[in-house]
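The values are calculated or read from the model by the stated rules, or taken from the named source; none is laboratory data. Not measured: the values here are computed from a predicted model. Positions of Cβ are generated from backbone atoms using ideal geometry, with glycine treated the same way; all protein chains shown enter the neighbour counts. Side chains included, ligands, DNA and RNA excluded: accessible areas come from the protein's heavy atoms. Shrake-Rupley method; radii C 1.70, N 1.55, O 1.52, S 1.80 Å.
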Amino acid sequence: MQIHVQAVSPFEAAPEFSQCIDPDGRDTPDEMARAGKCFKVSASGCAVFMSIGSQAGQMWCFAAAARQGSRGMADVALHFLEHAARVTGHATAGFQTARMGLVRRAQRRGWEIVKHIGRDWKTVGWVLEKKV
């Protein structure tokens, strides 16, 4: 599979992040887009928008959202995040999600849960990391 990466502006990426869920309820799509450098990562006619950057010494994904109708882009997004970490000299990459299916997919690629995000007794999200 051939992957195409294009830098995009936070203004272009922010609307794509409207479906992103912040388990803590603090970040808006505009804030997620401005937090990092934004990219459109495409493969097989599908696309995922990502906002990534350095946070606490690791390459962090602030937001990622596939275009409507784009399926199976999680592996492409994880591969891009891992690659971005390596080429920028980061030893680890990380992201936060509220999607258990994404957690399972990432774990198959070697990612580990390092934090549960929750309120009282209920887990509402996870933070994952991977050494690259």
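Using a Gaussian network model on the chain with a 10 Å cutoff between Cα atoms, which of 61, 46, 20 fluctuates the most?
Looking only at 61, 46, 20, the largest GNM fluctuation is found for 46.
Looking only at 114, 48, 103, which one moves most when the chain is put into a Gaussian network model with springs between Cα atoms under 10 Å?
114
Per 0.36 nm of contour for each residue apart, how much would the distance between residue 26 and residue 91 grow if the chain were fully extended, relative to their Cα-Cα spacing?
Result for the pair: 20.7 nm of gain on full extension.
Please give every one of the aspartates and glutamates within straight-line cross-link reach of residue 115, meaning a C-alpha to C-alpha distance under 12 Å, and leave out same-chain neighbours fewer than 8 residues apart.
Correct list for residue 115: 129.
Which values, in whole Å and largest first, are the semi-axes of the equivalent ellipsoid of the stretch 72-112 obtained as the square root of 5 times each eigenvalue of the Cα gyration tensor?
18, 11, 8
Mind jotting down the distance between the C-alpha centroids of the stretch 39-68 and the stretch 1-23, whole Å?
6
List the relative contact order of the chain as a percent without decimals, with contacts defined as Cα pairs under 8 Å and 6+ residues apart.
After rounding, I find 20 percent.
Ordered by residue, what ³J(HN,Hα) values in Hz, to whole numbers, does the stretch 115-127 give under the Karplus form 6.51 cos²θ - 1.76 cosθ + 1.60, where θ = phi - 60° and Gly and Pro are x?
3J(HN,Hα) across the stretch 115-127, in whole Hz: 7, 9, 9, x, 10, 6, 9, 9, 6, 10, x, 9, 10.
Between 57, 45, 72, find the one with the highest GNM mean-square fluctuation for the chain; connect C-alpha pairs within less than 10 Å.
Of 57, 45, 72, the most mobile in the Gaussian network model is 45.
Using a 1.4 Å probe over the heavy atoms of the protein chains, calculate the carbon and sulfur portion of the accessible area of the chain as a whole percent.
Values: 3680 of 7610 Å².
Carbon-and-sulfur percentage of accessible area, whole number: 48.
Using a probe radius of 1.4 Å on heavy atoms only, what accessible surface per residue do you get for the chain? Whole Å² is fine. Intermediate values should be presented prior to the final figure.
On the way: 7610 Å² over 132 residues.
Per residue, the chain has 58 Å² of solvent-accessible surface.
Considering amide H positions built from the backbone, and no H for Pro or chain starts, which residues 5 or more places from residue 124, or on another chain, come under 5 Å of its amide H?
117, 118, 119
Taking N as the number of residues in the stretch 1-72, what is its alpha-carbon radius of gyration divided by 2.2 N^0.38 Å?
With N residues counted in the stretch 1-72, Rg over 2.2 N^0.38 Å equals 1.07.
With a ≥ b ≥ c the root eigenvalues of the C-alpha gyration tensor of the chain, is it rounded (a/c under 1.5), prolate (a/b larger than b/c) or oblate? Display every interim value, and only then the final one.
Details: a/c = 1.36, a/b = 1.19, b/c = 1.14.
Rounded, since a/c falls under 1.5.
Can you list the aspartates and glutamates whose alpha carbon is less than 16 Å from that of residue 130, not counting same-chain residues fewer than 8 positions off?
Within reach: 75, 82, 112.
In nm, to one decimal, how far is the residue 75 label point from the residue 34 one, both placed 7 Å along Cα→Cβ?
It is 3.7 nm.
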